[in-house]
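Peer 1: Before we start, here is the structure in question, set down as C-alpha coordinates.
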Amino acid sequence: MGLAQQPEMHSDLKVSNDDLPVSFAGSLWNSPAADGAVTAVEDGGKTVQLWLGGLPPEVLECCGASVFSSVSSEGDRLLVLRSRTGLSAKAQILAAPARKEGKLTAGELVTEAIRVLPRNISLIVALDSDLERIERVDATSAFATVPQVSAVAGEQSADCRFGRVPSTTVAQISSAQQPAFDPSRYGLFSLGQTLIPNTDGDRGEAVKVAVQRLTPQLKTLLAAKLLRLTAKVGSSRLKVRAVLATLAPQSRVVAQRSSVRAAEAEPLEPLSAEIEQSAGFELLSKRLSKRLSKRLSLTQGSRIQYRLYNESDRPVYFVVFSLDSAGRLLVLNPDAKNTVGETPGAIEPGGNLSVPGAGAYGSKVSGPIGLVETQIIFSEAPFDRTLVALEGGMQQVRDAQPIRVLLNPLQVARAVLEDLHAASMAGAMNAGISTDDFALDVNIWATLSFVYRVIENE
(Lines give C-alpha, C1' and ligand atoms only; values in the text may rest on other atoms or scores of the structure.)
Protein backbone atom coordinates (compact mmCIF):
# COMPACT_ATOMS: atom_id res chain seq x y z
CA MET A 1 0.00 0.00 0.00
CA GLY A 2 2.99 2.33 0.17
CA LEU A 3 5.35 3.89 2.67
CA ALA A 4 2.65 5.26 4.98
CA GLN A 5 1.07 1.90 5.80
CA GLN A 6 1.32 0.81 9.43
CA PRO A 7 0.31 -2.88 9.61
CA GLU A 8 -2.07 -3.82 12.40
CA MET A 9 -4.10 -6.83 13.43
CA HIS A 10 -7.58 -6.42 14.87
CA SER A 11 -10.01 -8.86 16.42
CA ASP A 12 -13.06 -8.66 18.64
CA LEU A 13 -12.30 -12.15 19.90
CA LYS A 14 -11.73 -12.52 23.64
CA VAL A 15 -10.66 -16.13 23.72
CA SER A 16 -7.94 -18.41 24.93
CA ASN A 17 -5.41 -20.06 22.65
CA ASP A 18 -7.47 -23.24 22.51
CA ASP A 19 -10.43 -21.30 21.13
CA LEU A 20 -8.62 -19.36 18.42
CA PRO A 21 -10.21 -19.85 14.98
CA VAL A 22 -8.52 -22.09 12.44
CA SER A 23 -6.75 -19.14 10.83
CA PHE A 24 -4.87 -18.45 14.07
CA ALA A 25 -4.66 -21.96 15.45
CA GLY A 26 -1.34 -23.47 16.42
CA SER A 27 -1.39 -25.34 13.11
CA LEU A 28 -0.75 -22.05 11.28
CA TRP A 29 2.59 -21.58 12.99
CA ASN A 30 3.77 -25.12 13.72
CA SER A 31 2.72 -27.13 10.66
CA PRO A 32 4.17 -27.27 7.13
CA ALA A 33 3.53 -24.27 4.92
CA ALA A 34 0.00 -24.02 3.58
CA ASP A 35 -2.18 -21.71 1.53
CA GLY A 36 -5.44 -22.33 3.35
CA ALA A 37 -7.54 -24.70 5.41
CA VAL A 38 -10.70 -26.76 5.19
CA THR A 39 -13.49 -25.11 7.18
CA ALA A 40 -16.33 -27.53 6.33
CA VAL A 41 -16.97 -30.78 4.45
CA GLU A 42 -20.22 -31.00 2.46
CA ASP A 43 -22.18 -33.22 0.03
CA GLY A 44 -21.07 -36.42 1.66
CA GLY A 45 -17.41 -35.54 1.29
CA LYS A 46 -17.63 -34.49 -2.37
CA THR A 47 -17.11 -30.77 -1.77
CA VAL A 48 -15.39 -28.68 0.89
CA GLN A 49 -15.40 -25.11 2.08
CA LEU A 50 -11.94 -23.51 2.15
CA TRP A 51 -10.37 -20.52 3.85
CA LEU A 52 -7.56 -19.21 1.58
CA GLY A 53 -5.80 -16.66 3.76
CA GLY A 54 -2.38 -17.98 2.78
CA LEU A 55 -2.52 -16.82 -0.83
CA PRO A 56 -1.12 -13.43 -1.86
CA PRO A 57 -4.04 -10.98 -2.32
CA GLU A 58 -3.29 -10.30 -5.98
CA VAL A 59 -3.17 -14.04 -6.70
CA LEU A 60 -6.40 -14.66 -4.81
CA GLU A 61 -8.12 -11.98 -6.88
CA CYS A 62 -7.11 -13.53 -10.21
CA CYS A 63 -6.98 -17.27 -9.60
CA GLY A 64 -9.44 -19.39 -11.55
CA ALA A 65 -10.10 -23.12 -11.23
CA SER A 66 -6.86 -23.68 -9.31
CA VAL A 67 -6.08 -27.08 -7.84
CA PHE A 68 -5.17 -27.58 -4.19
CA SER A 69 -3.91 -30.64 -2.36
CA SER A 70 -4.27 -31.73 1.22
CA VAL A 71 -1.09 -31.26 3.21
CA SER A 72 -1.63 -34.33 5.41
CA SER A 73 -2.43 -36.68 2.51
CA GLU A 74 0.66 -35.48 0.60
CA GLY A 75 -1.13 -34.75 -2.64
CA ASP A 76 -3.43 -37.79 -2.65
CA ARG A 77 -6.51 -35.61 -2.44
CA LEU A 78 -6.85 -32.93 -5.09
CA LEU A 79 -9.40 -30.13 -4.78
CA VAL A 80 -10.41 -27.88 -7.67
CA LEU A 81 -11.72 -24.40 -6.91
CA ARG A 82 -15.30 -23.86 -8.09
CA SER A 83 -16.29 -20.52 -6.54
CA ARG A 84 -14.91 -17.88 -4.20
CA THR A 85 -16.15 -14.97 -2.11
CA GLY A 86 -13.39 -13.07 -0.36
CA LEU A 87 -11.20 -15.54 1.51
CA SER A 88 -13.90 -18.23 1.47
CA ALA A 89 -14.15 -20.69 -1.40
CA LYS A 90 -15.89 -23.90 -2.39
CA ALA A 91 -13.86 -26.71 -3.94
CA GLN A 92 -14.69 -30.10 -5.43
CA ILE A 93 -12.67 -33.18 -4.58
CA LEU A 94 -11.06 -34.51 -7.76
CA ALA A 95 -9.22 -37.55 -6.46
CA ALA A 96 -9.06 -39.60 -3.31
CA PRO A 97 -6.39 -41.91 -1.92
CA ALA A 98 -6.75 -45.65 -2.36
CA ARG A 99 -7.20 -46.13 1.37
CA LYS A 100 -10.66 -45.47 2.76
CA GLU A 101 -9.56 -43.90 6.02
CA GLY A 102 -8.27 -40.37 6.39
CA LYS A 103 -11.18 -38.39 4.96
CA LEU A 104 -10.84 -34.61 4.86
CA THR A 105 -11.97 -32.86 8.01
CA ALA A 106 -12.41 -29.26 9.08
CA GLY A 107 -9.12 -27.70 10.09
CA GLU A 108 -7.00 -29.69 7.64
CA LEU A 109 -4.47 -27.58 5.77
CA VAL A 110 -4.32 -27.32 1.98
CA THR A 111 -1.68 -26.04 -0.38
CA GLU A 112 -1.65 -25.02 -4.04
CA ALA A 113 -0.87 -27.76 -6.55
CA ILE A 114 -1.73 -26.04 -9.85
CA ARG A 115 -2.26 -22.27 -10.01
CA VAL A 116 -4.70 -21.37 -12.78
CA LEU A 117 -4.63 -17.77 -14.06
CA PRO A 118 -6.71 -16.30 -16.89
CA ARG A 119 -4.90 -15.17 -20.03
CA ASN A 120 -6.94 -11.96 -20.33
CA ILE A 121 -5.85 -10.33 -17.06
CA SER A 122 -6.44 -6.57 -17.12
CA LEU A 123 -5.09 -3.61 -15.21
CA ILE A 124 -7.92 -2.12 -13.14
CA VAL A 125 -7.74 1.66 -12.71
CA ALA A 126 -9.94 3.29 -10.07
CA LEU A 127 -11.29 6.76 -10.89
CA ASP A 128 -10.77 9.18 -8.04
CA SER A 129 -13.97 10.21 -6.31
CA ASP A 130 -12.86 13.87 -6.46
CA LEU A 131 -13.12 13.90 -10.26
CA GLU A 132 -16.08 15.76 -11.72
CA ARG A 133 -18.75 13.73 -13.50
CA ILE A 134 -17.63 14.83 -16.96
CA GLU A 135 -14.03 13.92 -16.06
CA ARG A 136 -15.11 10.42 -15.02
CA VAL A 137 -17.09 9.99 -18.24
CA ASP A 138 -14.14 11.09 -20.38
CA ALA A 139 -11.72 8.90 -18.40
CA THR A 140 -13.95 5.82 -18.71
CA SER A 141 -14.19 6.34 -22.45
CA ALA A 142 -10.43 6.90 -22.83
CA PHE A 143 -9.39 3.90 -20.76
CA ALA A 144 -11.73 1.71 -22.81
CA THR A 145 -9.49 2.31 -25.84
CA VAL A 146 -6.38 0.95 -24.06
CA PRO A 147 -6.09 -2.86 -24.43
CA GLN A 148 -6.36 -4.84 -21.19
CA VAL A 149 -7.03 -1.72 -19.12
CA SER A 150 -10.40 -0.88 -17.59
CA ALA A 151 -11.67 1.88 -15.32
CA VAL A 152 -13.90 1.38 -12.29
CA ALA A 153 -15.57 3.68 -9.80
CA GLY A 154 -16.78 3.28 -6.25
CA GLU A 155 -15.49 0.62 -3.86
CA GLN A 156 -14.42 -1.97 -6.45
CA SER A 157 -10.96 -3.49 -6.18
CA ALA A 158 -8.29 -1.88 -8.36
CA ASP A 159 -4.57 -1.88 -9.07
CA CYS A 160 -4.01 1.89 -9.17
CA ARG A 161 -5.91 5.19 -9.13
CA PHE A 162 -6.34 7.94 -11.73
CA GLY A 163 -6.88 11.43 -10.37
CA ARG A 164 -5.68 15.00 -10.04
CA VAL A 165 -2.10 15.62 -8.99
CA PRO A 166 -1.53 17.64 -5.80
CA SER A 167 -0.22 21.16 -6.38
CA THR A 168 2.81 20.21 -4.31
CA THR A 169 3.81 16.64 -5.11
CA VAL A 170 5.31 14.75 -2.17
CA ALA A 171 6.63 11.22 -1.93
CA GLN A 172 3.72 10.17 0.27
CA ILE A 173 0.41 11.82 1.14
CA SER A 174 -1.09 10.66 4.41
CA SER A 175 -4.81 10.06 4.59
CA ALA A 176 -5.09 12.86 7.14
CA GLN A 177 -3.88 15.49 4.70
CA GLN A 178 -6.14 17.27 2.23
CA PRO A 179 -3.77 18.68 -0.42
CA ALA A 180 -4.80 21.32 -2.89
CA PHE A 181 -5.13 19.99 -6.44
CA ASP A 182 -4.17 21.64 -9.68
CA PRO A 183 -7.09 21.91 -12.08
CA SER A 184 -6.76 19.64 -15.12
CA ARG A 185 -3.48 18.06 -14.06
CA TYR A 186 -3.70 14.29 -13.87
CA GLY A 187 -1.59 11.31 -12.87
CA LEU A 188 -1.62 7.74 -11.57
CA PHE A 189 -1.42 6.86 -7.90
CA SER A 190 -0.80 3.66 -5.99
CA LEU A 191 -3.55 2.45 -3.68
CA GLY A 192 -1.44 3.86 -0.85
CA GLN A 193 -1.92 7.37 -2.35
CA THR A 194 1.64 7.64 -3.67
CA LEU A 195 2.06 9.37 -7.01
CA ILE A 196 3.49 6.78 -9.42
CA PRO A 197 6.79 8.18 -10.82
CA ASN A 198 6.68 10.05 -14.12
CA THR A 199 2.89 9.88 -14.52
CA ASP A 200 1.99 13.49 -13.69
CA GLY A 201 1.09 15.71 -16.64
CA ASP A 202 1.00 19.40 -17.42
CA ARG A 203 -1.65 21.84 -16.33
CA GLY A 204 -4.57 22.24 -18.69
CA GLU A 205 -4.23 18.71 -20.04
CA ALA A 206 -7.49 17.08 -21.20
CA VAL A 207 -8.46 13.80 -19.56
CA LYS A 208 -8.35 11.85 -22.85
CA VAL A 209 -4.92 13.28 -23.66
CA ALA A 210 -3.71 12.30 -20.19
CA VAL A 211 -4.84 8.69 -20.66
CA GLN A 212 -3.09 8.50 -24.04
CA ARG A 213 0.07 9.88 -22.46
CA LEU A 214 -0.11 7.31 -19.67
CA THR A 215 -0.45 4.29 -21.97
CA PRO A 216 3.25 3.23 -21.71
CA GLN A 217 3.12 3.43 -17.91
CA LEU A 218 -0.14 1.46 -17.88
CA LYS A 219 1.56 -1.32 -19.86
CA THR A 220 4.46 -1.34 -17.40
CA LEU A 221 2.07 -1.52 -14.44
CA LEU A 222 0.19 -4.41 -16.08
CA ALA A 223 3.48 -6.20 -16.74
CA ALA A 224 4.45 -5.77 -13.09
CA LYS A 225 1.04 -7.15 -12.07
CA LEU A 226 1.56 -10.25 -14.22
CA LEU A 227 4.98 -10.86 -12.71
CA ARG A 228 3.57 -10.49 -9.18
CA LEU A 229 1.05 -13.21 -10.01
CA THR A 230 3.96 -15.66 -9.97
CA ALA A 231 4.50 -14.92 -6.26
CA LYS A 232 5.13 -18.29 -4.69
CA VAL A 233 7.05 -18.84 -1.48
CA GLY A 234 4.97 -20.61 1.15
CA SER A 235 4.36 -23.95 -0.56
CA SER A 236 6.78 -23.98 -3.46
CA ARG A 237 8.43 -27.36 -4.00
CA LEU A 238 11.54 -25.77 -5.47
CA LYS A 239 14.39 -25.38 -2.99
CA VAL A 240 15.87 -21.98 -3.77
CA ARG A 241 17.17 -19.04 -1.80
CA ALA A 242 18.24 -15.47 -2.53
CA VAL A 243 20.28 -12.97 -0.52
CA LEU A 244 20.36 -9.20 -1.05
CA ALA A 245 23.66 -7.67 0.01
CA THR A 246 25.37 -4.32 -0.25
CA LEU A 247 28.94 -4.17 -1.58
CA ALA A 248 29.44 -0.45 -0.89
CA PRO A 249 29.66 1.76 1.06
CA GLN A 250 29.99 -1.31 3.26
CA SER A 251 29.66 -5.04 2.66
CA ARG A 252 26.75 -6.59 4.50
CA VAL A 253 23.76 -8.88 4.04
CA VAL A 254 20.60 -6.78 3.92
CA ALA A 255 17.85 -9.39 3.54
CA GLN A 256 17.23 -13.01 2.65
CA ARG A 257 14.29 -14.75 1.00
CA SER A 258 13.82 -18.47 0.54
CA SER A 259 11.20 -21.02 -0.35
CA VAL A 260 10.00 -22.77 2.79
CA ARG A 261 11.58 -26.04 1.64
CA ALA A 262 15.00 -24.41 1.25
CA ALA A 263 17.53 -24.34 4.04
CA GLU A 264 17.73 -21.42 6.44
CA ALA A 265 14.19 -20.24 5.89
CA GLU A 266 13.13 -17.64 8.45
CA PRO A 267 11.82 -19.52 11.51
CA LEU A 268 8.41 -18.86 12.99
CA GLU A 269 9.15 -20.48 16.37
CA PRO A 270 9.66 -17.20 18.28
CA LEU A 271 6.16 -16.04 17.39
CA SER A 272 4.71 -19.48 18.11
CA ALA A 273 6.37 -19.62 21.51
CA GLU A 274 4.98 -16.24 22.49
CA ILE A 275 1.50 -17.26 21.42
CA GLU A 276 1.70 -20.30 23.69
CA GLN A 277 3.07 -18.31 26.62
CA SER A 278 0.48 -15.55 26.45
CA ALA A 279 -3.23 -15.08 25.92
CA GLY A 280 -2.28 -14.97 22.28
CA PHE A 281 -3.93 -12.36 20.15
CA GLU A 282 -2.87 -9.01 21.63
CA LEU A 283 0.80 -9.93 21.86
CA LEU A 284 0.71 -11.58 18.44
CA SER A 285 -0.74 -8.38 16.99
CA LYS A 286 2.02 -6.25 18.49
CA ARG A 287 4.77 -8.60 17.34
CA LEU A 288 3.44 -8.86 13.80
CA SER A 289 2.93 -5.11 13.54
CA LYS A 290 6.50 -4.52 14.69
CA ARG A 291 7.90 -7.12 12.27
CA LEU A 292 5.83 -6.04 9.26
CA SER A 293 6.40 -2.32 9.78
CA LYS A 294 10.18 -2.67 9.42
CA ARG A 295 11.17 -0.97 6.20
CA LEU A 296 14.17 -2.10 4.24
CA SER A 297 15.97 1.05 3.08
CA LEU A 298 19.02 1.56 0.87
CA THR A 299 20.72 4.89 0.25
CA GLN A 300 21.22 6.38 -3.20
CA GLY A 301 24.62 5.42 -4.55
CA SER A 302 24.84 2.12 -2.68
CA ARG A 303 26.12 -0.88 -4.62
CA ILE A 304 23.97 -4.00 -4.27
CA GLN A 305 24.09 -7.59 -5.46
CA TYR A 306 21.72 -10.56 -5.33
CA ARG A 307 23.16 -13.99 -4.51
CA LEU A 308 21.03 -16.86 -5.79
CA TYR A 309 21.26 -20.39 -4.36
CA ASN A 310 19.95 -23.65 -5.80
CA GLU A 311 19.44 -26.16 -3.00
CA SER A 312 17.46 -28.62 -5.11
CA ASP A 313 18.70 -31.77 -6.85
CA ARG A 314 18.29 -30.43 -10.42
CA PRO A 315 19.45 -27.41 -12.44
CA VAL A 316 17.37 -24.28 -11.93
CA TYR A 317 16.91 -21.44 -14.44
CA PHE A 318 16.02 -17.89 -13.43
CA VAL A 319 15.14 -14.38 -14.54
CA VAL A 320 15.37 -11.23 -12.43
CA PHE A 321 13.13 -8.18 -12.91
CA SER A 322 13.02 -4.95 -10.96
CA LEU A 323 10.43 -2.17 -10.93
CA ASP A 324 12.59 0.79 -9.92
CA SER A 325 11.68 3.99 -8.10
CA ALA A 326 11.44 5.81 -11.44
CA GLY A 327 8.60 3.50 -12.55
CA ARG A 328 10.67 1.53 -15.10
CA LEU A 329 10.71 -2.24 -15.40
CA LEU A 330 14.30 -3.49 -15.60
CA VAL A 331 15.86 -6.86 -16.30
CA LEU A 332 19.09 -7.79 -14.53
CA ASN A 333 21.29 -9.77 -16.89
CA PRO A 334 22.40 -13.11 -15.34
CA ASP A 335 25.89 -13.12 -16.84
CA ALA A 336 27.81 -14.60 -13.92
CA LYS A 337 29.54 -17.98 -13.97
CA ASN A 338 28.20 -20.80 -11.81
CA THR A 339 30.18 -21.99 -8.84
CA VAL A 340 29.26 -25.55 -9.79
CA GLY A 341 29.06 -26.60 -13.44
CA GLU A 342 28.78 -24.49 -16.58
CA THR A 343 25.23 -25.05 -17.80
CA PRO A 344 24.35 -21.80 -19.66
CA GLY A 345 21.64 -19.81 -17.93
CA ALA A 346 21.21 -22.27 -15.08
CA ILE A 347 22.32 -22.72 -11.49
CA GLU A 348 23.48 -26.30 -10.99
CA PRO A 349 22.37 -28.35 -7.93
CA GLY A 350 24.14 -27.01 -4.88
CA GLY A 351 25.45 -24.06 -6.87
CA ASN A 352 25.03 -20.31 -6.56
CA LEU A 353 25.77 -17.17 -8.54
CA SER A 354 25.56 -13.42 -8.24
CA VAL A 355 23.39 -10.90 -10.09
CA PRO A 356 24.98 -8.69 -11.33
CA GLY A 357 27.91 -11.06 -11.88
CA ALA A 358 31.02 -11.37 -9.78
CA GLY A 359 32.97 -9.34 -12.32
CA ALA A 360 30.72 -6.31 -11.81
CA TYR A 361 30.94 -4.02 -8.83
CA GLY A 362 27.32 -4.60 -7.97
CA SER A 363 24.36 -2.55 -9.15
CA LYS A 364 24.18 1.11 -8.20
CA VAL A 365 21.05 2.21 -6.34
CA SER A 366 19.83 5.22 -8.29
CA GLY A 367 16.61 6.96 -9.17
CA PRO A 368 14.37 9.15 -7.01
CA ILE A 369 13.30 8.44 -3.46
CA GLY A 370 10.67 5.72 -3.52
CA LEU A 371 10.07 1.98 -3.57
CA VAL A 372 11.91 -0.65 -5.61
CA GLU A 373 10.45 -4.12 -6.11
CA THR A 374 12.54 -7.02 -7.40
CA GLN A 375 11.08 -10.35 -8.54
CA ILE A 376 13.45 -13.33 -8.87
CA ILE A 377 11.64 -16.10 -10.75
CA PHE A 378 13.12 -19.62 -10.68
CA SER A 379 12.05 -22.52 -12.88
CA GLU A 380 13.13 -26.07 -13.63
CA ALA A 381 12.83 -25.29 -17.37
CA PRO A 382 14.64 -22.64 -19.44
CA PHE A 383 12.91 -19.32 -20.11
CA ASP A 384 13.07 -19.75 -23.89
CA ARG A 385 10.08 -17.54 -24.78
CA THR A 386 11.21 -14.90 -22.32
CA LEU A 387 14.69 -14.73 -23.86
CA VAL A 388 13.16 -14.34 -27.32
CA ALA A 389 10.96 -11.49 -26.05
CA LEU A 390 13.98 -9.84 -24.47
CA GLU A 391 15.98 -9.81 -27.68
CA GLY A 392 15.82 -6.34 -29.12
CA GLY A 393 13.45 -5.25 -26.37
CA MET A 394 16.00 -3.83 -23.95
CA GLN A 395 17.81 -0.54 -23.55
CA GLN A 396 20.98 -0.19 -21.53
CA VAL A 397 20.53 2.44 -18.85
CA ARG A 398 23.72 2.37 -16.82
CA ASP A 399 27.25 2.49 -18.15
CA ALA A 400 29.11 -0.82 -17.86
CA GLN A 401 26.18 -2.34 -15.95
CA PRO A 402 24.31 -5.48 -17.06
CA ILE A 403 20.97 -3.80 -16.46
CA ARG A 404 18.41 -3.00 -19.15
CA VAL A 405 15.12 -1.12 -19.31
CA LEU A 406 12.40 -3.24 -20.91
CA LEU A 407 10.98 -1.53 -23.97
CA ASN A 408 8.29 -4.21 -24.30
CA PRO A 409 7.52 -5.07 -20.65
CA LEU A 410 4.06 -6.51 -21.32
CA GLN A 411 5.31 -8.94 -23.98
CA VAL A 412 8.12 -10.07 -21.67
CA ALA A 413 5.79 -10.62 -18.70
CA ARG A 414 3.42 -12.66 -20.84
CA ALA A 415 6.36 -14.71 -22.12
CA VAL A 416 7.35 -15.52 -18.52
CA LEU A 417 3.86 -16.91 -17.85
CA GLU A 418 3.97 -18.85 -21.12
CA ASP A 419 7.31 -20.40 -20.12
CA LEU A 420 6.01 -21.43 -16.70
CA HIS A 421 2.81 -22.78 -18.29
CA ALA A 422 4.77 -24.86 -20.82
CA ALA A 423 7.00 -26.25 -18.07
CA SER A 424 3.87 -27.19 -16.07
CA MET A 425 2.06 -29.19 -18.75
CA ALA A 426 3.05 -32.60 -17.40
CA GLY A 427 1.93 -31.73 -13.87
CA ALA A 428 -1.35 -30.24 -15.10
CA MET A 429 -2.09 -33.39 -17.12
CA ASN A 430 -1.33 -35.62 -14.13
CA ALA A 431 -3.78 -33.57 -12.09
CA GLY A 432 -6.42 -34.01 -14.80
CA ILE A 433 -6.44 -30.32 -15.69
CA SER A 434 -7.32 -29.25 -19.21
CA THR A 435 -7.59 -25.51 -19.60
CA ASP A 436 -6.89 -22.72 -22.06
CA ASP A 437 -5.74 -20.54 -19.17
CA PHE A 438 -2.28 -20.48 -17.62
CA ALA A 439 -1.79 -23.57 -15.42
CA LEU A 440 1.33 -23.32 -13.25
CA ASP A 441 2.61 -26.38 -11.37
CA VAL A 442 4.06 -25.45 -7.96
CA ASN A 443 6.63 -28.22 -8.33
CA ILE A 444 8.51 -26.41 -11.08
CA TRP A 445 8.77 -22.76 -10.04
CA ALA A 446 9.29 -20.32 -7.18
CA THR A 447 9.36 -16.52 -7.05
CA LEU A 448 11.24 -14.62 -4.35
CA SER A 449 10.53 -10.92 -3.90
CA PHE A 450 12.52 -8.06 -2.38
CA VAL A 451 11.02 -4.62 -1.74
CA TYR A 452 13.14 -1.77 -0.44
CA ARG A 453 12.96 2.01 -0.17
CA VAL A 454 15.49 4.28 -1.86
CA ILE A 455 16.48 7.08 0.51
CA GLU A 456 18.83 10.05 0.21
CA ASN A 457 22.48 9.56 1.11
CA GLU A 458 23.02 11.41 4.34
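The values are calculated or read from the model by the stated rules, or taken from the named source; none is laboratory data. Being a predicted model, the structure only gives us computed values, none of them experimental. What goes into the accessible areas is simple: the full protein's heavy atoms, side chains included, and nothing from ligands, DNA or RNA. Shrake-Rupley method; radii C 1.70, N 1.55, O 1.52, S 1.80 Å.
Peer 1: Just read off the accessible area of residue 385 with the full protein assembly in place, 1.4 Å probe, to the nearest 10 Å².
Peer 2: 120
Peer 1: When the Karplus curve 6.51 cos²θ - 1.76 cosθ + 1.60 is applied with θ = phi - 60°, which whole-Hz ³J(HN,Hα) does each residue of region 141-146 get, with x for Gly and Pro?
Peer 2: So the J values, rounded to whole Hz, are 5, 5, 5, 5, 8, 9.
Peer 1: Something else now. What residues have an amide H closer than 5 Å to that of residue 66, excluding those fewer than 5 places away on the same chain, when H is modeled at 1.01 Å from N in the peptide plane?
Peer 2: 81, 116
Peer 1: First check a/c for region 115-155, with a ≥ b ≥ c the square roots of the eigenvalues of its C-alpha gyration tensor; if it is under 1.5, answer rounded, and if not, answer prolate when a/b is larger than b/c or oblate otherwise. Intermediate results must be reported in sequence, preceding the final value.
Peer 2: On the way: a/c = 5.05, a/b = 1.96, b/c = 2.58.
Taking the square roots of the gyration eigenvalues as a ≥ b ≥ c, region 115-155 is oblate.
Peer 1: Sticking with this structure for a sec: Would you pull out the residues with amide H under 5 Å of residue 159's amide H, same chain only if 5 or more places away, H placed 1.01 Å from N?
Peer 2: The list, which skips near neighbours in sequence, is 124, 125, 126.
Peer 1: For residue 54, what residues show an amide H to amide H distance below 5 Å, using hydrogens built from the backbone and excluding near sequence neighbours?
Peer 2: For residue 54, the qualifying residues are 36.
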